Amino acid sequence: MEARRGVARDAGAEHGPGRAESVRSAAAGGMATPCREQIHQEVQDYYGKELQKSEDLKTNACVTSARPLPKAVRDALEHVHEEVVARYYGCGLVVPECLLSCRILDLGCGSGRDCYLLSQLVGEEGHVTGIDMTEGQVEVAKKHIAYHMNKFGYRKPNVEFLHGYMEKLGDAGLADESYDIVISNCVINLTPDKRAVLQEAFHVLKPGGEMYFSDVYASQRLSETIRKHRVLWGECLAGALYWRDLYSITEEVGFSPPCLVTASPITIGDKELEGIIGDCRFVSATFRLFKVPCGSRAGPGQVIYNGGIMGHERELVFDANFTFKEGEVVDVDAEMAAILRSSRFAEEFLIRAGANATAAQGNCCKEAKEKICNPFQLLERLAAPGPACCPRGTCCPPGCC
């Protein structure tokens, strides 16, 4: 697979955190883990045999934190079969915006909860593919295809489920540049080769496509004891990537710098596991990555959101750094300008070259703020008393910035 596809671009560019660190070390996540086959087998056994429902988990790493959901998502979740929901182990809500008619690939789809949710949001003309290495989970997902298509009123299925490995999407028959969006919900930590997963995702995405994924990250590189602990692998902690390494790997693969969307704390409810983990902290974080064509890269710009995305008509919270309100002019850096210009969001924005941060209409944050890249820093900001400093592009109370 790697010989056929190769590496998208060289590592070592100067943007984002962690660039000075060894990319090869980052690609492995600093992990001297058991062999890939052993990890795959133990994870399959954990999710296929030991876990029968989400309540069997020993930490909250693989369970979505409670937070308000858009009405369209709440309604769609109500239509998903109860067995599919009961076998769900995700750590975040991986539902990006602007999905109608999109082709989506779900890496590590498990029992198919997110696939069936997205099936409704892409519509009958869209398509959702789920792939998972645990046969028992794939069987649960496949078993309920007819139920859901009937529930949604679709004439033919717009979902499919494959048994395979997310590090080898070509072996599963998935073609390059065939998907608009790749999602993943708390599964990349379960593979010892994060770079291979991101490389494969990059290749199956169309130019301008997006990888929108939730996963578990560590505050430091993990000890040998943690990396070899079988239960901590199953609980999504032993394979957690040091958050800075994500930036190095994505740069090597060819993605634009990660956009941090949300972060939620992870708690350990087991004294024995707490003792093994020590002072290392874990966070569930959602990032979005874009496959930006080289021709789309230019300078900074000013953008105006037209309010055309269903469910986000008044404002679009793109990530922790950018919120776009309908009709307001927002200064964006070169990276965000390239993303909006080349992606499915292009028709939703008026994009102009050049930027003037102090004169942008509707942006009362006069001073440019440092981007939040560290999910642990975002957690601290969200937990801070008083009004949180708001993302760029939003109006802030006096003194907020």
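Here the range 93-128 is the region considered, the condition is being among the charged types (D, E, K, R) and not in a strand (DSSP E or B), and the residue that is nearest to residue 71 (Cα to Cα) is 97.
Checking the structure you have, find out if any residue of the range 117-125 is open to solvent by less than 10 Å² (accessible area, probe 1.4 Å) and of a type in the set (Val, Ile, Thr). Yes, the conditions are met somewhere in the range 117-125.
If you filter the range 242-258 down to residues that are open to solvent by 10 Å² or more (accessible area, probe 1.4 Å) and part of a loop (DSSP other than H, G, I, E, B), you find that the one that is nearest to residue 319 (Cα to Cα) is 258. The lone criterion from (1) of a type in the set (Phe, Trp, Tyr); (2) out of contact with any strand residue (DSSP E or B) (no Cβ under 9 Å at 6 or more places or on another chain); (3) modelled with pLDDT of 95 or more left unmet by residue 242 is number (2). Output the residue which, of all residues in the range 133-148 that are open to solvent by less than 40 Å² (accessible area, probe 1.4 Å) and in contact with a Phe, Trp or Tyr (Cβ under 6 Å, 6 or more places away or on another chain), is nearest to residue 83 (Cα to Cα). Among them, the one singled out is 141.
Tell me, please, whether a residue that is in a helix (DSSP H, G or I) and either of a type in the set (Ser, Thr, Tyr) or within 21 Å of residue 200 (Cβ to Cβ) (or both) can be found in the range 71-89. Within the range 71-89, none of the residues are in a helix (DSSP H, G or I) and either of a type in the set (Ser, Thr, Tyr) or within 21 Å of residue 200 (Cβ to Cβ) (or both).
Okay, residues lined up against (1) more than 30 Å from residue 182 (Cα to Cα); (2) open to solvent by 30 Å² or more (accessible area, probe 1.4 Å); (3) at pLDDT 95 or above; (4) of a type outside the set (Lys, Arg):
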| position | (1), (2), (3), (4) |
| --- | --- |
| 330 | no, no, yes, yes |
| 349 | no, no, yes, yes |
| 367 | yes, yes, no, yes |
| 381 | no, yes, no, no |
| 384 | yes, yes, no, yes |
| 390 | no, no, no, yes |
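The requirement of being under 26 Å from residue 309 (Cα atoms) and of a type in the set (S, T, N, Q) is fulfilled nowhere in the range 134-156; no residue meets it. Every condition in (1) open to solvent by less than 50 Å² (accessible area, probe 1.4 Å); (2) farther than 20 Å from residue 104 by Cβ holds for residue 316 except the one numbered (2). Candidates are the residues of the range 106-115 that are closer than 26 Å to residue 176 by Cβ and out of contact with any Gly (no Cβ under 8 Å at 6 or more places or on another chain); the one that is surrounded by the fewest Cβ atoms within 10 Å (Cβ to Cβ) is 107. With the structure loaded, tell me whether residue 131 is at pLDDT 95 or above, farther than 30 Å from residue 230 by Cα and assigned to a strand (DSSP E or B) or whether it fails that test. When the stated conditions are applied, residue 131 does not pass them.
The values are calculated or read from the model by the stated rules, or taken from the named source; none is laboratory data. If you're wondering where the values come from, they're calculated on a predicted model, not measured in any experiment. In this analysis, Cβ positions are derived from the backbone assuming ideal geometry, glycine residues included, and neighbour counts consider all displayed protein chains. The protein model used for the area step is the full one, side chains on, heavy atoms only, and it has no ligands, DNA or RNA in it. Shrake-Rupley method; radii C 1.70, N 1.55, O 1.52, S 1.80 Å.
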